[in-house]
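The numbers here are math on the coordinates, done by the rules we state, and not lab data. Model, not experiment: these values are computed from the prediction. Note that we place each Cβ from the backbone using ideal geometry, even for glycine, and neighbour counts take in every protein chain shown.
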Ligand code: G4P
């Protein structure tokens, strides 16, 4: 049912919704900030970054504060640039929060992979790249910190191909002396752009000089040798490199590559402009009833993130929903598939740097923050009234570390259960119950150990509950399915129930799991729970 309303089409075509993926320290915060600066959303760089807690103050608490700081203030940033409406989805940098990042990537239409020119492709980048690759979304590469000495650009192209298995197409190329680059060469326009980055850390938009590569004044500005070198490198790229192929870019098979320095601002605007030209507007999304196109007149969205207590003064819970089709209007009624009930979306919020504002309408590609009275779960679908479909399954990450948690003060039991239940709904931890234990003790599973600290910290800060955490020696969880799950003989391993009362075995080792599985050919041991 495509909607012919021209306004809806126009709004969709101008949307660009993406996430920046990188290894910590590659410069994601800095680049995000510079994009906001060039988009006119902030006027002096430093305002976003100042909120990020001082790095390398390496206590775990600081890490947590930093994580909270980032996700609380900037879960999504929206700004306009030359007719485009841009949504940048923020993803936590710390690897223990990669689950959160993976889910956020589900809401993005493409990704910008940020690479430190000196460090090349790093561990966290590889993981996140794989998730994007699996989804088949376009991936753009920004090589950052070109103001410093780093790897040779040709070497980086090779590394990207070797490590990530994707060919790259440099859209621009660094100009100047290695380690002291002054600008970029735009291959599409055959133009050089030199930036005046003298003095200062790019707090303001930097002035630049643009002109044809053949313009003799560049030979003077750069020096004859540097100018010649640039020309021969470009010739080499044209001869030996891949051809530009937009279809391949859109399928995630070729990554357009950019060079620049988020700190000094060189290459930031050329990146933004080419990126916006090449990045896709919102695309159709898969549901269990077939694809739904963004210009389908019916409204649909899915929840990809839940954040409780964003504002401690209000104790609210916000569900972040990505709009997939149709127009969103404040106060509209939608069908919430998971509870089977209609829902009125009364106080939608949108996020702009640190501020939030009530919004009246939004379009595919946009993210709205919905007040959550406790009904939403991650991955939930919001359908138009009268329809029933579900967006494709969200990735689930099986926990690898386990601990028994209980409140220090049994008088705080009610708050403890409330807190831990809410944090489970947020997807921060997975909760299990040991059948023969009382209701005060839970087994909690996490993917990264920092999540235990966050749990402890947030239960204390948000619910006033101090907890004991007793680490358990298990390393993997398997959901048990079959006729007689009670009969399972786990010897030294642990049987628990998930929040839907489904039996789960926690194993001490891969060997122990294999052993049990062999002894019980009649049972199935699943990495994720079976639906229904
Ligand atoms: P992240 O969000 O990816 O973790 O990285 P962030 O932007 O915080 O940047 C990490 C460090 O790299 C910061 O230095 C930042 O200033 C620096 N950086 C970012 N982009 C560039 C660049 O283009 N060139 C150079 N030379 N450095 C860059 P810091 O010393 O940790 O912090 P600060 O004191 O500069 O704030």
**Prompt:** Modelled label-to-label distance, residue 239 and residue 189, 7 Å Cα→beta-carbon offset: nm?
**Reply:** 2.8 nm
**Alpha-carbon Debye profile of the stretch 101-191, log10 I(q)/I(0) at 0.12, 0.15, 0.24 Å⁻¹** = -0.40, -0.61, -1.25
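Please give the peptides 485-491, 335-341 ranked by average Cβ packing (other Cβ atoms within 10 Å per residue), highest first, as a rough proxy for protection.
Descending mean neighbour count gives 335-341, 485-491.
Which peptide among 323-331, 297-305 comes first, and what is the full order, when sorted by highest mean count of other Cβ atoms within 10 Å? Can you show the working numbers first?
On the way: 323-331: 20.3, 297-305: 23.7.
Taking the mean over residues of other Cβ atoms within 10 Å, the ranking is 297-305, 323-331.
What translational diffusion coefficient, to the nearest whole µm²/s, does the stretch 389-455 have by Stokes-Einstein, given a Kirkwood radius computed over alpha-carbon pairs, a temperature of 20 °C and 1.002 mPa s viscosity? Each step should come with its number before you reach the end.
Working: Rh = 13.0 Å.
Translational diffusion coefficient: 164 µm²/s.
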**Semi-axis lengths (Å, descending) of the ellipsoid that matches the C-alpha gyration tensor of the stretch 176-335** = 44, 23, 13
**Message:** Let me check the size of the stretch 401-526 from its C-alpha atoms; what are the radius of gyration and Dmax in Å?
**Reply:** 15.2, 46
